[in-house]
Amino acid sequence: MSEGILRDFRATTVLAVRKDGRAVMAGDGQVSLGETIMKHKAKKIRFMYENRVIVGFAGATADAFSLFEKLEAKLDQYHGRLTKAAVELAKDWRTDRILRRLEALLLAMDDEHILIISGNGDVIEPDEDVAAIGSGGAYAVAAARALVEHSNLDALAIVKEAMKITASICIYTNSEIETLEIGTGNNDGRE
């Protein structure tokens, strides 16, 4: 089920990694329309709720921005509790006549959780502290898991390296990588 969801949303890669108390998310900058690259430096990840939550998207941009607004409202309503906000968003997204037509997938993280949120009502928390969405998601997860297990790199270095690997494999992912880290207010910017 989740693999089907991950494959349906093309033209991007968003990766989240938590390691040794650090929580980092990265997104590539490519926007594709069919076989054409429309933009190289899009911003697909952003801070929410007093910079304590990072959210990224794969899918239709306008739909994702609508979902960002809804999630931000839920985070405010539930005082930054990401899991509760995500579950409530997923319920609304699945049952609301207009929201359920939105075609996007969200990846959200705080210092304790990484969640994949879909319009099917799914809120998936992976077993590992690594998750990704988008067409390059499987490549990014594989690279990040290997780096977590077999290197001494920190979370920021892992997402950067895993995204570089993904960009070299996935035609819908470029090497214009933006990273955000919780707790530092750090926007590492573009590579």
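The values are calculated or read from the model by the stated rules, or taken from the named source; none is laboratory data. For clarity, every value in this text was computed on a predicted model and none was experimentally measured. With ideal geometry, Cβ positions are generated from the backbone for all residues, glycine too; neighbour counts draw on all protein chains shown.
Screening the stretch 78-95 for residues that are among the charged types (D, E, K, R) and in contact with a helix residue (DSSP H, G or I) (Cβ under 7 Å, 6 or more places away or on another chain) and picking the one that is surrounded by the fewest Cβ atoms within 10 Å (Cβ to Cβ) gives 94. Within the stretch 130-143, which residues are in contact (Cβ under 8 Å) with a residue 60 or more places away in the chain and aliphatic (A, V, I, L, M)? Scanning the stretch 130-143 gives 130, 131, 132, 133, 138, 140, 141.
With respect to the conditions (1) among the basic types (Lys, Arg); (2) surrounded by 18 or more Cβ atoms within 10 Å (Cβ to Cβ); (3) not in a helix (DSSP H, G or I), residue 70 falls short on a single one, namely (3). Hey, among 65, 47, which residue is of a type in the set (Phe, Trp, Tyr) and surrounded by fewer than 16 Cβ atoms within 10 Å (Cβ to Cβ)? From the options 65, 47, the qualifying one is 65. Looking only at the stretch 51-66, decide whether some residue is outside any helix (DSSP H, G or I), at positive phi and in contact with a Gly (Cβ under 8 Å, 6 or more places away or on another chain). Yes, the stretch 51-66 contains at least one residue that is outside any helix (DSSP H, G or I), at positive phi and in contact with a Gly (Cβ under 8 Å, 6 or more places away or on another chain).
Of the residues that make up the stretch 157-175, is at least one modelled with pLDDT of 95 or more and in a loop (DSSP other than H, G, I, E, B)? No, the conditions are met nowhere in the stretch 157-175. Residues considered: 146, 85, 90. Of these, the only one that is in a helix (DSSP H, G or I), within 15 Å of residue 54 (Cα to Cα) and without any contact (Cβ under 8 Å) to a residue 40 or more places away in the chain is 85.
Any idea how many residues of the stretch 32-49 are among the hydrophobic types (A, V, I, L, M, F, W, C) and within 23 Å of residue 142 (Cα to Cα)? Total meeting the criteria: 1. Within the stretch 96-152, restricting attention to residues that are among the hydroxyl-bearing types (Ser, Thr, Tyr) and either closer than 14 Å to residue 16 by Cα or modelled with pLDDT of 95 or more (or both), the residue that is surrounded by the most Cβ atoms within 10 Å (Cβ to Cβ) is 139.
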